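What follows is a set of notes on a single structure, which appears directly below.
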Protein chains: 2
Amino acid sequence: MELPEKLLIQPIKSFHPPGRRLMGPGPSDIHPRVLEALSRPTVGHLDPTFINMMDEVKRLVQYAYQTTNTLSMVVSAPGSAGMETCFVNLVEPGDQVIVCRNGVFGSRMIENVRRCGGAPIVVDTEWGRPVDPNQLEEALKASPSVSIVAFVHAETSTGVCSDAKVLSGLAKQYGCLSIVDAVTSLGGIPVLVDDWGIDAIYSGSQKCLSATPGLSPVSFSKRATRKIKKRKTPVQSWFLDLNLVMQYWGTGSQSRSYHHTAPVHALYCIHEALLMLQEEGLDSSWVRHQEQHERLREGLQALGFRYLVEPQFRLPQLNAVFLPEGIQESDLRQKLLHKYNLEVGGGLGDFAGKIWRIGLMGHTAHPDKVDYLLEVLHKELS
Amino acid sequence: MELPEKLLIQPIKSFHPPGRRLMGPGPSDIHPRVLEALSRPTVGHLDPTFINMMDEVKRLVQYAYQTTNTLSMVVSAPGSAGMETCFVNLVEPGDQVIVCRNGVFGSRMIENVRRCGGAPIVVDTEWGRPVDPNQLEEALKASPSVSIVAFVHAETSTGVCSDAKVLSGLAKQYGCLSIVDAVTSLGGIPVLVDDWGIDAIYSGSQKCLSATPGLSPVSFSKRATRKIKKRKTPVQSWFLDLNLVMQYWGTGSQSRSYHHTAPVHALYCIHEALLMLQEEGLDSSWVRHQEQHERLREGLQALGFRYLVEPQFRLPQLNAVFLPEGIQESDLRQKLLHKYNLEVGGGLGDFAGKIWRIGLMGHTAHPDKVDYLLEVLHKELS
């Protein structure tokens, strides 16, 4: 048995990744304790010890989101699949959905609504600005049959933070469910699901939680769960159908039934990462992100970088900045990667080639990393 | 910031899994070299070293499937999402799809067709028997507007092997595309995608490839790729839309664009596992699975176990057996798990409570594991 000749030209060897420092928009650096958890021995996905660990993951997700929602768990795929889980379960064909868009991930939400057969109503805000609650309220008044409002809490493409409390409050006030993208916010800034009355929320494992990429913690309110159970049409995705997923993750005392094979090691990893977050305490984590943001900001501004976002709307964990005059962003970014093993992110969408996105997420939000980046920039720019 | 009291009753600690021997229907045991690859340092999902590793993964997937298909890659989610990738991309609303069903996973295919708006035509065969090519041909003759034939190569619920070469040949003969489930077959028995003319195929990382659960290697022929590119309707899943996924995995010389954040560590792991398969050679791996199957079979039959499947249709890697008279399957299975750290699988669907499914997959297919199981059974049954 031989592979066709052309596929065998270059021999393949084990992959040994370089030791990067990850200061882009995610994945972030992973604490050694969390990385080690990945390679613990495999157990079956229906093993009683594993089921017990999954129950703990649910409780840790509840803590991270500050919610008592029973339907809190981790989707076995990346944040984009977490987004899709919210839309395919909550949107039925014909449903009108307001999507507030102020960056790349709002566009992705609109695409999700369309593919579910829903009718998106788009509330556009300039990129780099937070979603405007007045605009949302106008749209809600103008479209009385809207049933869902979706928005991104922390736009990873621009580093802007929208007021999730006010926006989800408006949704509720007008009888709508809210779907919130917390991919970049969870763990880095407050995300208070119960206090803010959010109905469906998703995040990613690889941002401020600093776990292995590929998982998406989600949570659904009782109102959202009721809507899912009362659907008239089946959920179009079998893999993401929460009516089935719930039977595996369990939402009470019932026994588990097989749905898909869980990503066993990735779940070990997020268990450990969420546990470290709980040990540190959410408050302390938020303070740490803010402090490192300030440390970075001072250094960057002294070097001539300018922030895209106004101070009061900036995400501490995602610093979107214009480079000093005359610097080619791509050349410098490549030099940082290849000469210093240091990854920062380029712009996305409208801001490609124009800005950097410097992440201070999870385990990356520590003074030694901030100082190293500033030192390197100082060397290269002076 | 405090978690509601009821969520804090039991303190949570790091999870240290017991050291099981995995002899169920998957996940299988993972070689230490492959397990170690999981916890190598994180790099960004657009890092040039990572992109290069993804290219190697593509070539290794081509080797495993014995294909030159350019569209060969790994879906960032478990085998069930690999299945869904095939159906949502190839089935358009109104398409007639023949699904051959002889176990649990055939039913799941039917469900997938329905959720894509397709019309499934079911060819049923008794569980434990291979799909009957004559029945398929009759169905093809009776339904001239069918455009896709789907079947399971290796039914994980019963341990039966269907003749994928003949079935996909029939599909082609009648102008249909074939979708093949190779979750349990890939790496354990021949799966010759080009020789057999298969159009779309998916597998799982956690069976005979012995990598971490949560990934699905897939491959699509030129005919299938053409159909995907010519679709009249958008693929209903954004996350699994191959038109988008291709832009990230690359299908030629074009540069990569961001689609979703790849499960970085899981891809390190499957790279290493596929590399080990290539080093061993597919032939040798197939022989090893067959030899261990024979070793196990002799021992089991001597102890009074009876096989569900006739000898010529048995999968070496999945041994579905009735227990000796008077033995409660569940009690003994629990005893193996708790007293010996040894996992075997119970029955699924119609066979729940009636059979065991003993896996000899990938790194589990070694004489020391077979002998250990037989020794334990001998002790407990005599």
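The table that follows gives values for the structure above.
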read-out: Test result for A:Leu282, within 17 Å of A:Pro217 (Cβ to Cβ), more than 8 Å from chain B (Cβ to nearest Cβ) and not aromatic (Phe, Trp, Tyr); value: no
read-out: Selection from the stretch A:13-37 of residues that are surrounded by 24 or more Cβ atoms within 10 Å (Cβ to Cβ) and either touching a helix residue (DSSP H, G or I) at 6+ places or on another chain (Cβ under 8 Å) or farther than 17 Å from A:Pro217 by Cβ (or both); value: A:Leu22, A:Met23, A:Gly24, A:Pro25, A:Pro27, A:Ser28, A:Ile30, A:Val34, A:Ala37
read-out: Pairs where the first residue, in the stretch A:288-299, is outside the structural domain of A:Cys208 (by TED's automatic domain parsing) and at negative phi and the second is surrounded by fewer than 16 Cβ atoms within 10 Å (Cβ to Cβ) and in a helix (DSSP H, G or I), C-beta under 7 Å, 6+ apart; value: A:Gln292/A:Pro367; A:Arg295/A:Pro367
read-out: Test: residue in the stretch A:236-245 that is part of a loop (DSSP other than H, G, I, E, B) and farther than 21 Å from B:Pro213 by Cα; value: yes
read-out: One residue from B:Gly304, B:Gly214 being in the same structural domain as B:Ala365 (by TED's automatic domain parsing) and either assigned to a loop (DSSP other than H, G, I, E, B) or touching a Lys or Arg at 6+ places or on another chain (Cβ under 6 Å) (or both); value: B:Gly304
read-out: Among residues of the stretch B:245-279, those that are facing another protein chain (nearest Cβ under 9 Å) and closer than 14 Å to A:Ser80 by Cβ, counted; value: 6
read-out: Unmet requirement for B:Pro11, which otherwise passes all of (1) more than 8 Å from chain A (Cβ to nearest Cβ); (2) in contact (Cβ under 8 Å) with a residue 12 or more places away in the chain; (3) within 24 Å of A:His31 (Cβ to Cβ); value: (2)
read-out: Matching residues, the stretch A:220-230, being out of contact with any Leu (no Cβ under 7 Å at 6 or more places or on another chain) and under 11 Å from A:Ser72 (Cβ atoms); value: A:Ser221
read-out: Whichever residue in the stretch A:324-336 is of a type outside the set (Val, Ile, Thr) and in contact (Cβ under 8 Å) with a residue 40 or more places away in the chain and, among such residues, is farthest from B:Pro41 (Cα to Cα); value: A:Pro324
read-out: One residue from A:Asp195, A:Asp199 being surrounded by fewer than 24 Cβ atoms within 10 Å (Cβ to Cβ) and modelled with pLDDT of 95 or more; value: A:Asp195
read-out: Any hit, the stretch B:159-169, residues being under 20 Å from B:Ala320 (Cα atoms), touching a helix residue (DSSP H, G or I) at 6+ places or on another chain (Cβ under 6 Å) and in contact (Cβ under 8 Å) with a residue 40 or more places away in the chain; value: yes
read-out: Failed condition for B:Pro190, given (1) within 9 Å of another protein chain (Cβ to nearest Cβ); (2) crowded, with 24+ Cβ neighbours inside 10 Å; value: (2)
read-out: Selection count, the stretch A:38-60, where residues are of a type in the set (A, V, I, L, M), surrounded by fewer than 23 Cβ atoms within 10 Å (Cβ to Cβ) and more than 7 Å from every other protein chain (Cβ to nearest Cβ); value: 3
read-out: Single condition B:Asp95 does not satisfy, out of (1) away from chain A (no Cβ under 14 Å); (2) without any contact (Cβ under 8 Å) to a residue 24 or more places away in the chain; value: (2)
read-out: All positions within the stretch B:219-235 that are part of a loop (DSSP other than H, G, I, E, B), in contact (Cβ under 8 Å) with a residue 40 or more places away in the chain and surrounded by fewer than 21 Cβ atoms within 10 Å (Cβ to Cβ); value: B:Arg231, B:Lys232, B:Thr233
read-out: Selection count where residues are farther than 29 Å from B:Leu274 by Cα and in contact with a Lys or Arg (Cβ under 8 Å, 6 or more places away or on another chain), scope the stretch B:348-382; value: 1
read-out: Pick from the stretch B:61-71, criterion of a type in the set (S, T, N, Q) and at the interface with another protein chain (Cβ under 10 Å from one of its Cβ atoms), ranking: surrounded by the fewest Cβ atoms within 10 Å (Cβ to Cβ); value: B:Thr68
read-out: Residues satisfying the stated conditions in the stretch A:218-239, i.e. more than 8 Å from chain B (Cβ to nearest Cβ) and of a type in the set (A, V, I, L, M); value: A:Val218, A:Ala224, A:Ile228
read-out: Some residue of the stretch B:183-194 being within 27 Å of A:Pro41 (Cβ to Cβ), assigned by TED's automatic domain parsing to the domain that holds B:Ile148 and out of contact with any helix residue (DSSP H, G or I) (no Cβ under 7 Å at 6 or more places or on another chain); value: yes
read-out: Residue satisfying condition, being in the same structural domain as A:Ser157 (by TED's automatic domain parsing) and either aromatic (Phe, Trp, Tyr) or in a helix (DSSP H, G or I) (or both), within set A:Ala262, A:Ala266; value: A:Ala266
read-out: Residue ID - nearest to the chain's Cα centre (by Cα), chosen from residues in the stretch B:137-182 that are closer than 26 Å to B:Arg314 by Cβ and polar (S, T, N, Q); value: B:Thr156
read-out: Residue list for the stretch A:332-382, restricted to those being aliphatic (A, V, I, L, M) and part of a strand (DSSP E or B); value: A:Leu342, A:Val344, A:Ile355, A:Ile358
read-out: Test: residue in the stretch A:129-152 that is at positive phi and touching a residue at least 40 places away in the same chain (Cβ under 8 Å); value: no
read-out: Flag for B:Ser80 being small (Gly, Ala, Ser), within 8 Å of chain A (Cβ to nearest Cβ) and under 24 Å from B:Asp163 (Cα atoms); value: yes
read-out: Filter result for A:Leu242 (closer than 20 Å to A:Ile189 by Cα, away from chain B (no Cβ under 11 Å) and either surrounded by fewer than 22 Cβ atoms within 10 Å (Cβ to Cβ) or in contact (Cβ under 8 Å) with a residue 24 or more places away in the chain (or both)); value: no
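Here's the yes/no breakdown for (1) without any contact (Cβ under 8 Å) to a residue 40 or more places away in the chain; (2) surrounded by 13 or more Cβ atoms within 10 Å (Cβ to Cβ):
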{"residue": "A:Phe322", "(1), (2)": "yes, yes"}
{"residue": "A:His338", "(1), (2)": "yes, no"}
{"residue": "A:Gly345", "(1), (2)": "no, yes"}
{"residue": "A:His366", "(1), (2)": "no, yes"}
{"residue": "A:Val370", "(1), (2)": "no, yes"}
{"residue": "A:Ser382", "(1), (2)": "yes, no"}
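The values are calculated or read from the model by the stated rules, or taken from the named source; none is laboratory data. All values derive from a computational prediction rather than experimental measurement. Backbone-built Cβ (ideal geometry, glycine too); neighbour counts: all protein chains shown.
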